[in-house]
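The values are calculated or read from the model by the stated rules, or taken from the named source; none is laboratory data. Quick caveat: nothing in here was measured; it's all calculated off a predicted structure. Accessible surface is based on the protein model in full, side chains and every heavy atom, while ligands, DNA and RNA are left aside. Shrake-Rupley method; radii C 1.70, N 1.55, O 1.52, S 1.80 Å.
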Amino acid sequence: MKNSAIKNTGRYTAIISFLLGNIFLFGYLMTGKVDFALAGYFYLYISAAVNLLLLGILLLYGFFHPQQLPACRKAALVLLINIPAAILYIYIGYNLVIR
């Protein structure tokens, strides 16, 4: 795989995960429907699993192809940027739904 394909995989996965998380959060904030909050809650589990799976694949690929390791590490770091956003969404969602 080319370096650009590896980096794009991490970048696009992170962007899509972030955008879908925003859709669920702002959907709940704008409509007040609990369906958005529940869907967002389940989405956190699904996106965490997908992102962790991709993270593992990238690191394994970099391990077995050492010339691609720097690109795999950069793509993995981009995926890890979503962790603070997910923690923030959990905190916000918990406080909004519980109140």
Between helix 34-64 and the chain, what is the angle of the helix's C-alpha long axis to the longest principal axis, kept within 0 to 90° and rounded to the nearest 10? 10 degrees
Considering the alpha-carbon set of region 1-43 alone, what are its Rg and its Dmax in angstrom? 14.2, 44
Over region 1-93, with every protein chain in place, what whole percent of the accessible area is carbon and sulfur at 1.4 Å, could you tell me? 78 percent
What number, in nm² with one decimal, is the all-direction average of the projected area of the convex hull of the alpha-carbon atoms of the chain? 6.0 nm²
Using the alpha carbons of region 47-96, what is the convex hull volume per residue in cubic angstrom, as a whole number? 49 Å³
Run the Debye formula on the Cα coordinates of region 19-70, all scatterers equal and no solvent, and tell me log10 I(q)/I(0) at q = 0.13, 0.17, 0.29 1/Å. -0.46, -0.59, -0.98
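Express the relative contact order of the chain as a whole percentage, based on alpha carbon pairs under 8 Å and six or more residues apart in sequence. Spell out each step's value before the answer.
Working: 77 pairs, mean separation 38.1, N = 99.
Result for the chain is 39 percent.
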In degrees, nearest 10, the alpha-carbon axis of helix 82-98 is tilted away from the dominant principal axis of the alpha carbons of the chain by 10 degrees
